[in-house]
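As structure tokens, the structure follows; a few thoughts come after it.
The values are calculated or read from the model by the stated rules, or taken from the named source; none is laboratory data. All figures in this text were calculated on a predicted structure; none of them were measured in a lab. Cβ coordinates were reconstructed from backbone atoms using ideal geometry, including for glycine residues, and neighbour counts include every protein chain displayed.
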């Protein structure tokens with residue numbers, strides 16, 4: 001694919017290439033090689049036909065990088081995306097929170113999400129809570145819990161589940177059952193099942 005294509009043909013070409021990578025049955029190494037070529041094309045090409053032309057394609061590549069655990073590539077792409085969205089940040093936050101090796105970067109990226117002027121969502125807080133659990137960092141977990149409560153995210157299903165997981169990692173199943181038995185979330189059949197399974 002040539003970067004000399006006109007803007008009207010380049011956008012559909014980028015979309016088709018990204019879609020093909022998602023459906024590809026190729027080995028991860030081959031998929032990542034093609035994704036990096038597409039990433040380079042996004043960086044060097046200008047697509048003037050839309051106010052945020054690269055963001056949709058960048059989000060597709062971010063998801064692809066994260067699916068294949070290419071976290072450094074995902075971070076580089078996020079930093080080079082002119083107008084990242086909360087979806088962009090959440091995709092990378094989720095990947096960072098999965099392993100203790102990358103989890104410390106989740107806190108900085110979460111601060112970057114705030115600094116960008118975007119509002120964190122429930123998945124943003126879940127990722128930070130998972131990162132705190134992976135690192136066994138109670139202070140970071142408590143700070144994320146307090147922010148989630150202040151912004152009203154404890155009413156969602158996924159944030160209390162992330163809290164349940166971090167508390168289970170720190171304190172064990174008996175403590176979690178005792179504490180969560182006193183909370184309103186335990187009144188829902190779904191959350192009660194989560195607690196009994198802890």
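Test residue 124 against the stated conditions and say whether it is surrounded by 22 or more Cβ atoms within 10 Å (Cβ to Cβ), under 29 Å from residue 34 (Cα atoms) and in the same structural domain as residue 164 (by TED's automatic domain parsing).
Working: surrounded by 22 or more Cβ atoms within 10 Å (Cβ to Cβ): yes; under 29 Å from residue 34 (Cα atoms): yes; in the same structural domain as residue 164 (by TED's automatic domain parsing): yes.
Answer is yes for this residue.
Here's the yes/no breakdown for (1) buried (at least 23 other Cβ atoms within 10 Å of the Cβ); (2) closer than 18 Å to residue 95 by Cβ; (3) under 16 Å from the mean Cα position of the chain (by Cα); (4) touching a residue at least 60 places away in the same chain (Cβ under 8 Å):
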{"residue": "132", "(1), (2), (3), (4)": "yes, yes, yes, no"}
{"residue": "135", "(1), (2), (3), (4)": "no, yes, no, no"}
{"residue": "138", "(1), (2), (3), (4)": "no, no, no, no"}
{"residue": "147", "(1), (2), (3), (4)": "no, no, no, no"}
{"residue": "157", "(1), (2), (3), (4)": "no, no, no, no"}
{"residue": "164", "(1), (2), (3), (4)": "no, no, no, no"}
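Remark: pairs (first residue in region 68-91, in contact (Cβ under 8 Å) with a residue 40 or more places away in the chain and not assigned by TED's automatic domain parsing to the domain that holds residue 112; second residue surrounded by 19 or more Cβ atoms within 10 Å (Cβ to Cβ) and not in a loop (DSSP other than H, G, I, E, B); Cβ separation under 6 Å; 6+ apart in sequence or on different chains) = 68/32; 73/65.
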